[in-house]
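Comments concern the structure below.
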Amino acid sequence: MKKTVVLVVLFILPIVAYLFFASGINNFGKLPILTENIPDITDVDANILLQDKITILGFLGSDLENKKGVAFNLNQKIYKRFYEFNDFQFVMVVPKGSESKVEALKSELGNLADVVKWNFVYGDKEQIQALFDALKTDLTLDGNMATPYVFIVDKDRNLRGRTNDEDEGTKFGFDATSVADLNNKMEDDVKIILAEYRLALKKNNAERKNL
């Protein structure tokens, strides 16, 4: 009897657990697409691309002194946990003329993490508004061209989010002033989209081996 129990624990339970989690990923591991084909930002900055990157897109605006809390929350709760993944990046859009403020902010963030994947894009008001409008959300920018919300954009330039969020229904973005929103929702959704691409990569590699 004891041998049977040991065999079940050693061999059967791991298989059941694997099948359970594999099923969960396959059935629930895709983050809904809310907006398709967001324009790339090469017109604003030719050196930064959304295409083929998993991007956390934000609009920090010109009043960066008052957006430090947003930046530090994102840095601690999201960036530090995921920046080492391939093709993952932060893109923060700010108005032209904010360059010195951005350098000061990056210097402070750099004391807490490697800021190699914190990218800042400088645009005029029309360019920033056009990019934000292309997301087709129910949110708005303030007078400084800023919003506390950040967005997940996939490698095909699609906005990802939630269609049945328990608090908001359709959830386009994540409130970076809220540690709870970052911890309880955004972190989970970033994990989902990273897992989605890892699974797709494994599938492609397996198919190539079978050719």
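A few points about this structure:
- Sole exception among (1) surrounded by 16 or more Cβ atoms within 10 Å (Cβ to Cβ); (2) in contact with a strand residue (DSSP E or B) (Cβ under 7 Å, 6 or more places away or on another chain); (3) among the hydrophobic types (A, V, I, L, M, F, W, C) for Leu139, by number: (1)
- Criterion: open to solvent by less than 30 Å² (accessible area, probe 1.4 Å), modelled with pLDDT of 95 or more and not hydroxyl-bearing (Ser, Thr, Tyr) - qualifying residue of Ala180, Ala134: Ala134
- Close contacts from the stretch 109-121, counting a first residue that is more than 15 Å from Lys68 (Cβ to Cβ) and a second that is of a type in the set (D, E, K, R) and open to solvent by less than 40 Å² (accessible area, probe 1.4 Å), with Cβ to Cβ under 9 Å and a gap of 6+ residues or different chains, come to Asn119/Asp45; Val121/Asp45.
- Number of positions in the stretch 43-73 that are in a loop (DSSP other than H, G, I, E, B) and touching a residue at least 40 places away in the same chain (Cβ under 8 Å): 11
- Looking only at the stretch 28-39, and only at residues there that are assigned to a loop (DSSP other than H, G, I, E, B) and open to solvent by less than 40 Å² (accessible area, probe 1.4 Å), the one that is modelled with the lowest pLDDT: Gly29
- Consider the stretch 41-69 and keep the residues that are open to solvent by 40 Å² or more (accessible area, probe 1.4 Å) and in contact with a Lys or Arg (Cβ under 8 Å, 6 or more places away or on another chain). The one that is modelled with the lowest pLDDT is Glu65.
- Evaluating Gln89 against the criteria (1) surrounded by 22 or more Cβ atoms within 10 Å (Cβ to Cβ); (2) without any contact (Cβ under 8 Å) to a residue 60 or more places away in the chain; (3) of a type in the set (S, T, N, Q) leaves one unmet condition, (1).
- Within the stretch 84-115, the set of residues being modelled with pLDDT of 95 or more and within 19 Å of Val153 (Cβ to Cβ) comprises Phe88, Gln89, Phe90, Val91, Met92, Val93, Val94.
- Residue that is farthest from Ile33 (Cα to Cα), among those in the stretch 147-181 that are touching a Leu at 6+ places or on another chain (Cβ under 6 Å) and in a strand (DSSP E or B): Thr147
- Selection status of Lys185, without any contact (Cβ under 8 Å) to a residue 24 or more places away in the chain, basic (Lys, Arg) and either at positive phi or in a helix (DSSP H, G or I) (or both): yes
The values are calculated or read from the model by the stated rules, or taken from the named source; none is laboratory data. Predicted, not measured: the structure shown is a model, and the values here were computed from it. Every residue, glycine as well, gets a Cβ built from its backbone with ideal geometry; the counts of neighbours run over all protein chains shown. All accessible areas refer to the heavy atoms of the entire protein, side chains included, with ligands and DNA or RNA removed. Shrake-Rupley method; radii C 1.70, N 1.55, O 1.52, S 1.80 Å.
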